[in-house]
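Nothing in this text is a laboratory measurement; each read-out follows from the coordinates by a stated rule. Bear in mind the structure is a predicted one, so any value in this text is a computation, not a measurement. Note that we place each Cβ from the backbone using ideal geometry, even for glycine, and neighbour counts take in every protein chain shown.
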Amino acid sequence: MFRIIKKSLKTGVVTGKYPRAETPVVPVVQEAKDKTKLFKRSLTIREVDTGSCNACEMEMNALMNPVYDAERFGIHIAASPRHADALVVTGPVTVNMERALKDVYKQTPDPKIVIALGDCAINCGVFKGSYAVTGPVERHIPVDVHISGCPPRPTEILKVLSELRDERRRSGD
Amino acid sequence: MADAQTAMTQLKEAYGASIMEMTPINGTPRLRVIKDDLPQVAHYLHTHPNLRGALSLLWAVDHRPRETRYELCYLFTLSERKDWLLLCTDLQGDERLFPSITPHIHAAQWYKREIRDMFGLIPQGHPDLRRLIRHEHWPKGAHPLKKDFPWDRVLGRQQGEHHFRRIEGEGVFEVPVGPIHAGIIEPGHFRFSVAGEPIMQLEIHHFWKHRGVEKLFEQQELTAATPLAERVSGDTTVGHSLAYCQAVEILMDVEVPRRARYLRSLFLELERVHNHLGDVGAMCNDTAYALPHAHCGRMKEQIMQLNDRVAGSRFLRGVNRVGGVGIDLTREQLTQIVAELDGIEPDFTELERILFANASLTDRLETTGVLTERTAWDHAVMGVVGRASGVDQDIRRDHPFAAYVELPPKAVLYQYGDVRARMRVRLDEIHESIRLIREIEQGIPQGPVLTMPTEVPVQGTWAFSAVEGWRGEILYVVMAGEQGKIHRCKVRDPSFVNWPAIQWAVLGNIIPDFPLINKSFNLSYAGNDL
C-alpha cells in the first residue's frame, strides 16, 4: 500500500505534459459545431474500425491515458453505438466491414455526428483502389468532421474534439 | 542437433526418389519435391526426432504470364539449431489440386485455406475447406492473387452465410462476439460455445479488415513499397518495414552500412519497449487493476513522444528505407534516448514490485489461458506467446539481422504458458531491450546510413527475410517482377500463426477471462487479415 502511495506521490500529475498541436489541416465546419451543441459539454464516442492499420486505434487509446486524459473534457468512450453521440470511424471501408459500418450507423441514435479519423477514412490512403476496399467512409455514411493525418497525433485529435466543445461554451449553454 | 545439411542428406536417403532438385536460395537449402510425395516428405521432416521441423511459412506464387504454373513453397524451421529448410513443388498448367499436409501438420491449416481463397488451388484431404479470407458474400470464383484478377475492381456481392462449428446438447449455448467490440480495438468475430461457465469451444472468424495488401504490393516498385509495409500493421511499423527492406536488399544485392544496421536495431527495440509497456498496462486493466494501466500508459506515452522528437513520427514511420535508414541521429539525440530510458527503467522496476506484491492480480493471471508447450509446438506458435510456453525461438538470436550479429540478445523463456508467463516475458523483454539500446548507443559506429540500390533484380528471382518484431517473427517473401516491380510479396505477421492457438488456450476458461487471455496474446487483426 505504502509503495503504491509513494509511487503516486513521486510521479505527481502528468496530465497535460504534451507538445501543443498545430491548427488542424481540415477546419471544423460550422454545421458540425451546430450539431454538437445538443450534446452540451460531453461527447460520448463509439469507435469503429473499418480496416485501418491499427495506428489510429493506438492514438485513440492514447487519448485516454493519464497524459491526455480526454475524460477531463467530458469525452467518453461508449461500449455500444446505442450509447454514443459520435461515431469515430478509422480506416478505408473494406468489403467485409461495409455492412457492419452501416449497421452501426443505423444503431446510433439521432442526433449524431460522424468523425472520419485518419487519412484512410478520408481518402483510403495507401489502400486506395484495392479490390477489397469500397471507398472512403463518406461514400457509405455522411461525415461531419475530418481529422487528417497518418495517423493524427493525439493532440491533433484532442484539438478538434475540444473545438467542438469550445463552441458550446461560447454559446453559453 | 541436425543442421540443414544433415537434414538434406537424411531426407535424400529416405525419399531420394521424390526429390527432383536441390538448390540453395540465399543460403537456405531448397528441395524441389514431386507434388504427390510432398505430404510424406513434410511429415517425415515434421515428426522425425532428429529433425522436428516446424512449419514457419507456406505460400503460393502464380508465375503467369511468364510461365503457366503455380509454385507452392513450405518453409520449415528445424529444431535445436533453427536452420531453415525449404520444400517446393509445382502445379503445372491447369492443375488445381494438390495434396494437403494439414492432416499431419496442424500449423498448415490456415495457410492452406488462405491459398485456396487467394489462388483457387484446392488442397485435397484438408479437413476444413470453409472459406477463410473470402467471406461468404464474396462472389464465386474470386481469387484475388491470381494474376488475371484485376487489382482495382471492387468485389461484387452474393448471398451467403458462414457456418460455424456447432456443439449441440442440453444446456449448450452460443455466444457471438463481434465484429465490432466494446473497446477501442479492431474488428473480429469470436463464437463461443459454453455449457454453464466454461468455454467448450471457441471459433475465430476473422479477416474483416482484409484490404488486399498483398495484391497492392504487386502494383508497386520494389524500392517504393516501404510505406505500404509500414501500414500492414501500424503498431509494428518498424518490424514490417524492416522485414520488407531486408528482403528487397537481398534481391538488389545492397550492402547496408553498419551504422544503419545499428540504427535499425535501435528503432526496433524502441518499438518493442513501447508496445510491451502498453500490453502490460492493458493486461492489468483487464483484471480491473487501473493503477498499473495508468503508469504504463504514461511511460508508453513518454517513449512515443521521444520517437516523435527524434524521428518526427510517434510510430517511427519513414525510418526504414531500402538500403538503410532515412534519418540519422546525432550524438545528442542518442544520449537523449538513453537518458530517457534511464529514467523509465527504475520507474518501471518500481511498478514491477507493485505488480508482484499484488496477490489478487497474481490469482487472476496464474493458470489462466494455459497454452501448453505441445499445443504451441503443434501450431508452430512463435514470439512472445511461444516463449511463454517454452518454445525457445528468437530470430534476433537464431538468424541475426541488423546489429544483432554483434549484439546478441538474451532470449527470455518461460514454461507455464499462462497469462502470467506471457506478462513476465514482456516484463523481462523490456529490460533486455533497454539494455540493448544502451549497448547500441555505446557501440554505434560512424559512417553513412544509406546505400542507394542500383541493380535491378532479374525477373523471377526472390528472397525472404525474417525479423523478430515485438510480437514475434515477421516473414516477408519478395519476388521481383519486370522492370523493378514486385511480382509477389508474401507477408506473414506472427498474428496469423498465433490466432488459431487462442482457440486452444481458452478451453475450460470462463468467458469473462477471455478479454484477459486475448490481451495477453495481443495479436494484430490488421496484420492477420492483410
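Looking only at residues that are crowded, with 21+ Cβ neighbours inside 10 Å and at positive phi in the stretch B:190-213, which one is nearest to the other protein chains (Cβ to nearest Cβ)?
B:Gly212
In the stretch B:506-530, which residues are in contact with a strand residue (DSSP E or B) (Cβ under 9 Å, 6 or more places away or on another chain), away from chain A (no Cβ under 14 Å) and of a type in the set (A, V, I, L, M)?
B:Val506, B:Leu507, B:Ile510, B:Ile511, listed by residue number.
Hey, among the residues in the stretch B:277-312 that are free of Cβ contacts under 8 Å to residues at least 40 places away in the same chain and touching a Ser or Thr at 6+ places or on another chain (Cβ under 8 Å), which one's surrounded by the fewest Cβ atoms within 10 Å (Cβ to Cβ)?
B:Arg298
Please find, among B:Val175, B:Val248, the residue that is in contact (Cβ under 8 Å) with a residue 60 or more places away in the chain, buried (at least 19 other Cβ atoms within 10 Å of the Cβ), more than 10 Å from chain A (Cβ to nearest Cβ) and more than 19 Å from A:Thr50 (Cα to Cα).
B:Val248
Could you tell me which of the residues B:Asp493, B:Asp428 is among the acidic types (Asp, Glu) and in contact with a strand residue (DSSP E or B) (Cβ under 7 Å, 6 or more places away or on another chain)?
From the options B:Asp493, B:Asp428, the qualifying one is B:Asp493.
Pick out the one residue from B:Glu350, B:Glu345 that is more than 14 Å from chain A (Cβ to nearest Cβ) and more than 24 Å from B:Asn320 (Cα to Cα).
Of the residues listed, the single one that is more than 14 Å from chain A (Cβ to nearest Cβ) and more than 24 Å from B:Asn320 (Cα to Cα) is B:Glu345.
Considering each residue of the stretch B:118-127, count those that are in a loop (DSSP other than H, G, I, E, B) and either closer than 19 Å to B:Val61 by Cβ or of a type in the set (Asp, Glu) (or both), and give that number.
2
Suppose we filter the stretch A:48-66 for residues that are facing chain B (nearest Cβ under 8 Å) and touching a residue at least 60 places away in the same chain (Cβ under 8 Å); how many remain?
Looking only at that region, the number is 10.
With more than 19 Å from the chain's Cα centre (by Cα) and crowded, with 23+ Cβ neighbours inside 10 Å as the only criterion, which of A:Ala132, A:Ala116, A:Ala121 stands out?
None of the others qualify; the one that does is A:Ala132.
Step by step: first the residues of the stretch B:51-85, then only those that are in contact (Cβ under 8 Å) with a residue 12 or more places away in the chain and of a type in the set (Asp, Glu), then the one that is farthest from B:Glu95 (Cα to Cα). Which residue is that?
Per the criteria, the residue is B:Glu80.
Identify the single condition in (1) aromatic (Phe, Trp, Tyr); (2) over 23 Å from the mean Cα position of the chain (by Cα); (3) more than 10 Å from chain A (Cβ to nearest Cβ) that B:Phe119 does not satisfy, given that it satisfies every other one.
The number of the failed condition is (2).
Do you know which of the residues in the stretch B:354-379 that are more than 26 Å from B:Ala288 (Cβ to Cβ) and in a helix (DSSP H, G or I) is farthest from the other protein chains (Cβ to nearest Cβ)?
Among residues in the stretch B:354-379 that are more than 26 Å from B:Ala288 (Cβ to Cβ) and in a helix (DSSP H, G or I), the one farthest from the other protein chains (Cβ to nearest Cβ) is B:Arg374.
Out of the stretch B:467-497, which residues are more than 23 Å from B:Phe119 (Cα to Cα), surrounded by 24 or more Cβ atoms within 10 Å (Cβ to Cβ) and not β-branched (Val, Ile, Thr)?
B:Glu468, B:Gly469, B:Trp470, B:Arg471, B:Gly472, B:Glu473
Of the numbered conditions (1) closer than 20 Å to B:Phe496 by Cβ; (2) more than 14 Å from every other protein chain (Cβ to nearest Cβ), B:Pro187 fails exactly one; give the number of that condition.
Among (1) closer than 20 Å to B:Phe496 by Cβ; (2) more than 14 Å from every other protein chain (Cβ to nearest Cβ), the lone unmet condition for B:Pro187 is (2).
Let's see how each residue does on (1) over 22 Å from B:Thr23 (Cβ atoms); (2) in a strand (DSSP E or B):
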position: B:Tyr70; (1), (2): no, yes
position: B:Cys73; (1), (2): no, yes
position: B:Lys82; (1), (2): no, no
position: B:Leu86; (1), (2): no, yes
position: B:Asp90; (1), (2): no, yes
position: B:Arg116; (1), (2): yes, no
position: B:Leu129; (1), (2): yes, no
position: B:Glu136; (1), (2): yes, no
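Could you tell me whether any residue of the stretch B:380-392 is out of contact with any Pro (no Cβ under 8 Å at 6 or more places or on another chain), crowded, with 16+ Cβ neighbours inside 10 Å, within 14 Å of chain A (Cβ to nearest Cβ) and part of a loop (DSSP other than H, G, I, E, B)?
So far as the stretch B:380-392 goes, no, none of its residues is out of contact with any Pro (no Cβ under 8 Å at 6 or more places or on another chain), crowded, with 16+ Cβ neighbours inside 10 Å, within 14 Å of chain A (Cβ to nearest Cβ) and part of a loop (DSSP other than H, G, I, E, B).
Kindly indicate which of A:Arg20, A:Arg72 is away from chain B (no Cβ under 12 Å) and in a helix (DSSP H, G or I).
Just one listed residue meets the conditions, A:Arg72.
What's the number of the only condition in (1) buried (at least 18 other Cβ atoms within 10 Å of the Cβ); (2) over 14 Å from the mean Cα position of the chain (by Cα); (3) within 11 Å of chain B (Cβ to nearest Cβ) that A:Tyr105 fails to meet?
(3)
Within the stretch A:89-102, can you find the residues that are facing chain B (nearest Cβ under 9 Å) and within 14 Å of the chain's Cα centre (by Cα)?
A:Gly91
Just checking, does the stretch B:136-144 include any residue being within 12 Å of another protein chain (Cβ to nearest Cβ) and of a type in the set (Phe, Trp, Tyr)?
yes
Sort out which residues of the stretch B:221-245 are under 17 Å from B:Val325 (Cβ atoms), surrounded by fewer than 24 Cβ atoms within 10 Å (Cβ to Cβ) and not β-branched (Val, Ile, Thr), and write them in order of number.
Selection gives B:Ala224, B:Pro227.
Identify all residues within the stretch A:35-47 that are among the basic types (Lys, Arg) and at the interface with another protein chain (Cβ under 9 Å from one of its Cβ atoms); write none if there are none.
Residue satisfying the conditions is A:Arg46 alone.
One residue is enough: does the stretch B:8-19 have a residue meeting the conditions within 21 Å of B:Arg492 (Cβ to Cβ) and surrounded by 15 or more Cβ atoms within 10 Å (Cβ to Cβ)?
no
Quick test of your reading of the structure: B:Glu136 fulfils all but one of (1) free of Cβ contacts under 8 Å to residues at least 40 places away in the same chain; (2) closer than 27 Å to B:Thr6 by Cβ. Name the failing condition by number.
(2)
Is it true that B:Ala403 is out of contact with any strand residue (DSSP E or B) (no Cβ under 7 Å at 6 or more places or on another chain), closer than 20 Å to B:Ile303 by Cβ, in a loop (DSSP other than H, G, I, E, B) and of a type outside the set (Ser, Thr, Tyr)?
yes
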